[in-house]
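Structure, as structure tokens:
None of the figures in this text is laboratory data; all of them are computed from the coordinates on show. All of these numbers come straight from a predicted model, not from anything done at the bench. Here the Cβ positions follow ideal geometry from the backbone for every residue, glycine too, while neighbour counts run over all protein chains shown.
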Amino acid sequence: MEPSWLSLIPPLIVLVTACVFRKLYLSLLIGIMTAALISTSYSPAKSTVLIAERFYQYISDKDSIYMYAFLIIIGCIIMLICTTGGISAFAHHMKKRFSSKRTVESSSLLLSALVGIDDYLNSITVGHVMQPIADRFGIARTKLAYLLHAMSGPLVILVPISSWAAVITTNLDSSGISLVATKTTKILGDPFYVYLKTLPFIFYSLFTIFSVWYIVHRQLSYGPMHTDEAKAHKKAQSVSAETTTSSETYSLLDIIVPLVTLLCSVIIGILYTGGYWLLGGNHSLIDAFKNNTQNSLVLVVASLITLGVTLILGYIRNKVRIEALPTIIRDGFLLMAPAILMLILANTLGYILRFDLLTGDYLAHSFLGALSVTFVPVMFFIITAITALLTGTSWGTMALMLPIAIPMLTSMLALPIPAPIASIPILFPTLGAIFSGAVCGDQLSPLSETTIMVATSAGSSAFAHFFTQFPYAIPAFIASILSFLISGWYMTRPLWFNLSISLLLGILACIILLQILQKLWNRPITSK
């Protein structure tokens, strides 16, 4: 069907019904059926066929298979670490070293930063490690989910050696930015160089990371999250102190070895598939990260290696018996089963929105048709954020917006094709706006894979996480709008001046908005 306003109805229905019924499974099912009916001109038979086709298309995709395999293996690793006492040992040892709620939250952010090479790896592992500590110090699980989510996609996109770098540079190249002048080249330049120059203009990521650290440092608490934190604080106070005799038999090795093995295996796997010269390829370190296109496979192999190492370590140290393995595997699968089911529903809906209803195309072409070049960055940020929010995909949204933005800029500026980068001062703010919007919409969307994974990891429901983190993202969102407006106004000024003014005013806006929201709600619920 042709893109129309009807394509907005299914995702809006999901958002509304999720807020009313607070059951995301039900909302996703209603959204899928509504989207299929609209796509097939309200034919029940054709709708059923379409849903089956998109469902099969998604679950048969090799990256989807790899992702679910990764989730199940990670579930088994987590249960194995629980069996060997690794998580209990970590909670016991860290409890002695943490003096306050703030130190626990700061440690969660630091641990997320350490695994900031992949958002899936970050989302699904850190929460399970920090959850026992967070419970003991009265940190709401929705708060833990927010902390981890703020340090997943927003952070990973800023890391040039992350799993996102190859995807972004590939999209830039296919959208018309290339060092080689061809019929499809719009701008002459190295896509990776363009990505690096764009990093300081990914305002939403920068403001989100700043905001989450500011919230932790000042112990701000407002909105629905405040209610959850009050309940968690009260529950933690009522729990009697645990005895320490059982923890004496546990060792930090039971959790450190698996985590280090997983992280090292992922890094080595990315370098190997990217063709790093020390591992038999022909590329430098940076080029290896740029050329890696098998992130999902790397995660599966790395998790299998970690599972094997953890099993061997547990068996050697008499922590795991062979006959207990079926139970561990079953419990690991059951741990991840709710997240897997929700991911299948969310992505089935996402496929229909992207390929049948063309929701992103409708939003892009309806609102970006007649723009002054000054407002290009801010409009791309808003439309990209809405598109990612409604479709639940950051990579898919970037792949949609970049081919629209790059030809639009060269056309609006009446430049000869291919144009040199220096002749397009608005290029970096515009690309930064697209990347920011994609991260923003993905982080706030209940349909997003990372939203579901983070909630599962932190022990929260996906809806509760979506509902409670929204007020915390408002300051970064509004500050980003302000900064992209400024970057458009000052596009003819030197890039350093444009960036400095935009960042400074955006950070000030974040601080002011956070303090206003805190004051409007109430005081922090715990002492510092």
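Along its first, second and third principal axes, ordered by size, segment 243-346 spans 53, 37, 27 Å in Cα coordinates. Residue by residue, segment 45-55 carries 3J(HN,Hα) couplings of 5, 5, 5, 4, 5, 4, 4, 5, 5, 5, 4 Hz when phi is fed to the Karplus relation 6.51 cos²θ - 1.76 cosθ + 1.60 (θ = phi - 60°); x denotes Gly or Pro. One way to sum up the overall shape of segment 88-205 is the equivalent ellipsoid from its Cα gyration tensor, whose semi-axes run 40, 11, 10 Å, largest first. Neighbours of Phe467, meaning other residues whose beta-carbon lies under 15 angstrom from its beta-carbon, give a summed charge of +3 when Lys and Arg score +1 and Asp and Glu score -1. In loop segments of segment 1-99 as defined by DSSP, the chymotrypsin sites (Phe, Trp or Tyr not before Pro) with at most 10 further C-beta atoms inside 10 Å of their C-beta are Tyr42. Taking a straight line from the alpha carbon of Lys235, these aspartates and glutamates sit under 17 Å away, with near neighbours fewer than eight places off in the same chain left out: Asp135.
Taken along its three principal axes, the alpha carbon spread of the chain comes to 74, 56, 51 Å, from the longest extent down to the shortest.
Other residues within the sphere of radius under 15 Å centred on the Cβ of Ala113, judged by their own Cβ, net out at -3 (K and R +1, D and E -1). For Lys290, list the lysines whose Cα falls under 22 Å from its own Cα; do not include residues on the same chain fewer than 8 positions away. By straight Cα distance, Lys290 reaches Lys62, Lys186, Lys197.
If a spin label sat at a point 7 angstrom from the Cα of Glu2 along the line to its beta carbon, the backbone N atoms of segment 31-52 nearer than 17 Å would be those of 39-41. Fully extending the segment from Leu253 to Thr170 would add 25.9 nm, taking 0.36 nm per residue of separation and subtracting the current Cα-Cα distance. The radius of gyration of the Cα set in segment 414-528, together with its Dmax, comes out at 18.3, 61 angstrom. Going by neighbour counts of Cβ atoms within 10 Å, the residues Asp442, Asp361 line up, fewest first, as Asp361, Asp442.
Evaluated on segment 1-155, the Kirkwood hydrodynamic radius is 18.7 Å, with distances taken between all distinct Cα atoms.
Normalising the average separation of contacting C-alpha pairs (under 8 angstrom, six or more residues apart) by the number of residues puts the relative contact order of the chain at 24 percent.
Output the relative contact order of segment 1-127, whole-number percent, from Cα pairs under 8 angstrom with separation of 6+ residues. Don't skip to the end; give the middle numbers.
Working: 53 pairs, mean separation 16.0, N = 127.
Result for segment 1-127 is 13 percent.
Each Cα pair of segment 336-406 feeds into the Kirkwood radius, which the Stokes-Einstein equation turns, at 4 °C and 1.567 mPa s, into a diffusion coefficient of 100 µm²/s.
Work through the residues other than Ser123 whose Cβ is under 15 Å from its Cβ and net out their charges, Lys, Arg +1 and Asp, Glu -1. Mind dumping the intermediate values first?
Details: positive: Arg141; negative: Asp118, Asp119, Asp442, Glu449.
Charge balance near Ser123 sits at -3.
Using Cβ counts within 10 Å as a stand-in for footprinting exposure, how do Phe137, Phe381, Phe289 rank, fewest first?
Numbers: Phe137 21, Phe381 30, Phe289 24.
Going from sparsest to densest Cβ surroundings: Phe137, Phe289, Phe381.
Cα centroid separation, segment 393-435 to segment 303-323: 50 Å. Of the residues His283, His465, the one with the fewest other Cβ atoms within 10 Å heads the list, and the complete ranking is His283, His465. A helix-only calculation puts the chain at -24000 deg cm²/dmol for mean residue ellipticity at 222 nm, using -39500 (n - 2.57) for each DSSP H run of at least four residues, averaged over all residues.
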